[in-house]
1. Which one of PRO110, PRO50, PRO97 has the biggest mean-square fluctuation once the chain is modelled by GNM with Cα springs under 10 Å?
2. Please give the charge dipole size of the chain, origin at the Cα centre, charges +1 on K and R Cβ atoms and -1 on D and E Cβ atoms. Round to the nearest 20 debye.
3. Normalising by the residue count of the chain, find the relative contact order in percent from Cα pairs under 8 Å and 6+ residues apart.
4. Can you give the Rg to Rh ratio of region 6-77, both from alpha-carbon atoms, with Rh computed by the Kirkwood formula?
5. Given a 10 angstrom Cα cut-off, can you work out which residue in ARG108, ARG71, ARG53 is the most mobile in a GNM of the chain?
6. Share of antiparallel DSSP beta bridges in region 1-108, in percent to the nearest 5?
7. Kirkwood-based Rg over Rh for region 58-171 (C-alpha set), two decimals?
8. Quick one: with all protein chains in place, what share of the accessible area of region 1-141 is carbon or sulfur, to the nearest percent (1.4 Å probe)?
Amino acid sequence: MRDVLPPESAARVELDALFVEVGEMVALAEEANVRRPAETTHPVDVPLAPGVRIVGAVAGCIDGPTPGPVRLRGARMSASVRLELAIDLLCLAAQDPSQVWTGVAVARNPDPSQSAPVSLRLQVKGVSPTEREEHARAALRELVEQYHDGLRLPLPLFAKTSWEYVTDSSE
């Protein structure tokens, strides 16, 4: 039977463990300075090549000393959450490279045997605005190119593989 809560006496152990886990996630979010609601949306209009542009908005951002997208998830940290965060961060850096954008994700541990939550903090490579913009636009061009290839060809890219590609540090 789904969506039926057990009696409190039967659920107490699980609920206590859940309260501890949520408390640890809140503490980790506070350490990353992202506990407050991420309510800011930044419009994005990034030309990448003739006839190719990314238009939309990056929602779920915070402002302040470390502005950027925030992902607080009660689910386990997944490749799709990491990749979404990275792409949003690239869009923001390409749109406004004068800002040092920081993407933060806090979620349950991807390893079910571990109860401690995990966090991820990302920034686009580059010290200067010009470097950040170049890195962001190059990465976005590559992702759009792969997307277009995927529309024409059977291209087996998946969230975990894409994440490894995005975070490749061999450069």
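The values are calculated or read from the model by the stated rules, or taken from the named source; none is laboratory data. Fair warning: this is a prediction, and the values are worked out from it, not measured in the lab. Here the Cβ is made from the backbone with ideal geometry for all residues, glycine too, and neighbour counts use every protein chain on show. To get the accessible areas, we keep the full protein, side chains included, count just its heavy atoms, and leave off ligands, DNA and RNA. Shrake-Rupley method; radii C 1.70, N 1.55, O 1.52, S 1.80 Å.
1. Result: PRO50 has the largest fluctuation of those listed.
2. In debye, rounded to 20, the chain gives about 200.
3. Contact order relative to length: 19 percent.
4. Over the Cα atoms of region 6-77, Rg/Rh equals 1.22.
5. ARG53
6. Expressed as a percentage, antiparallel bridges in region 1-108 total about 70.
7. 0.99
8. 57 percent
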